[in-house]
Structures are given as structure tokens and as C-alpha cells.
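Worksheet: one structure, shown below.
Only the coordinates and a few stated rules stand behind these numbers; no lab work does. Just so we're clear, the structure is a prediction, and the values are computed from it rather than from any experiment. Don't worry about glycine lacking a Cβ; one is built from the backbone with ideal geometry, like all the others, and counts go over all protein chains shown.
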Amino acid sequence: MARIEDPDEELLSRVAKGEPVAIQAMVARKLPRILNMAARLLGDPVEAEDVAQEAMLRIWKQAGKWKPGQARFDTWLYRVALNLCYDRLRRRRETPVETVPDMVDEGPAPDRGILAAETGQRVQQVLMRLPQRQREAIVLCHYQELGNIEAAQLMGISVEALESLLSRARRTLRTSLSDLASRPRINRRGN
């Protein structure tokens, strides 16, 4: 079996040695993406923070046991975060809700972010109504920007099954959000 190159290998070995700067760098590198993924899967920013913190704690605990070259560290970390999300979803026996909790608008200014916030909220509502596996596929491929092969491996399914989940999810999103196509588009400057 070929050795898998991992961009996190050196940093992870420093985390295993307990170097504070390395730990801070690892958190800065990984926390935002894990937090984003958990928030999209769970639909609850508080629960997402708990999942992200637990994932970071597991990095710190497992860093010394990591065997470089066998797998990418990101793959393991995403799997841990996904499992933590699954645990929370199972515990709450998720039932669809009519409205998603209000999310904080972190846009440049309130007057420029209103339409974008409304659109984002609508997308999040539809995303939360998708079946769990379809939502997971969309989050991993579109929001986490993983390739189909890596996302399929994380989900424990074939690439063909992932593509089927993505196709069904996209179709539902497109149908449910079709009215947004007629809205004016907002560029990054809010004009």
C-alpha cells in the first residue's frame, strides 16, 4: 500500500509533543471547517460548537497515537465530527421544525446583508428538511468542498451512491428554492 501524503503530518506531530503554538495552529486550521460542517448538519450553532470542541479535544488526545502515511488526518477528523453529529441527531430524534432558529448575520453591514441573510436562511431551512444522508452529502461536497471519492469514503458508501444522494438533494433544493432564481443577485460588496 502506498504511503498517503498528509499536509497535517508535521503539525500533528508537534501537537502530540504538546507544543502550545502547534495546538493553536491546529485549532485555527481545523476548527472553522468542523464548526461550519456541524452547524449545517445540525442546524443549531450551540450544538455545532459542542461538536467542534469535542472534535478538537479528540485531536489533542489522539495526536500521539496517529500513524502517519496510512490515511489523511482530515479524513479521520471529518469522520469523528460526523459521528459526533450523528450521535446528537439520534439523541434528539430529530423531527422537522417549521422554522430554523435565527442565525447571526455576520455580513459586512446590516443594510447590505438583509437579502443575503434571508436567502441563506431559506437555503438552511430546505437543507434541514433533506433526509440526513442527502444533507450530509451536500454539506461534505458543497460546503466542505470535499471531492466525491473522499466524501463517499467518509460516509462509508460508493461514489455512485454518493452521486445519487447528491442528485436527489440538488433536485429537492432546486425545486424548493426555485423562487429565489427571480430575486436580484447580491455581489460581495452588497450592491
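Observations
- Projecting the Cα atoms of TRP66, PRO20, LEU35 onto the charge dipole of the range 15-70, computed from C-beta unit charges around the Cα centre, puts TRP66 farthest toward the positive end.
- Per-residue 3J(HN,Hα) values for the range 84-91, derived from phi via the Karplus relation 6.51 cos²θ - 1.76 cosθ + 1.60 with θ = phi - 60°, read 5, 5, 4, 4, 5, 5, 5, 4 Hz in sequence order (x marks Gly and Pro).
- Using θ = phi - 60° in the Karplus curve 6.51 cos²θ - 1.76 cosθ + 1.60, the 3J(HN,Hα) couplings for the range 16-26 round to 4, 7, x, 5, x, 5, 5, 5, 4, 5, 5 Hz; x is entered for Gly and Pro.
- Under conditions of 10 °C and 1.306 mPa s, the range 1-97 yields 112 µm² s⁻¹ as its translational diffusion coefficient, taking Rh as the Kirkwood radius over Cα pairs in the Stokes-Einstein equation.
- Amide H to amide H, with H built 1.01 Å from N, LEU146 comes under 5 Å of CYS141, counting only residues 5 or more places away or on other chains.
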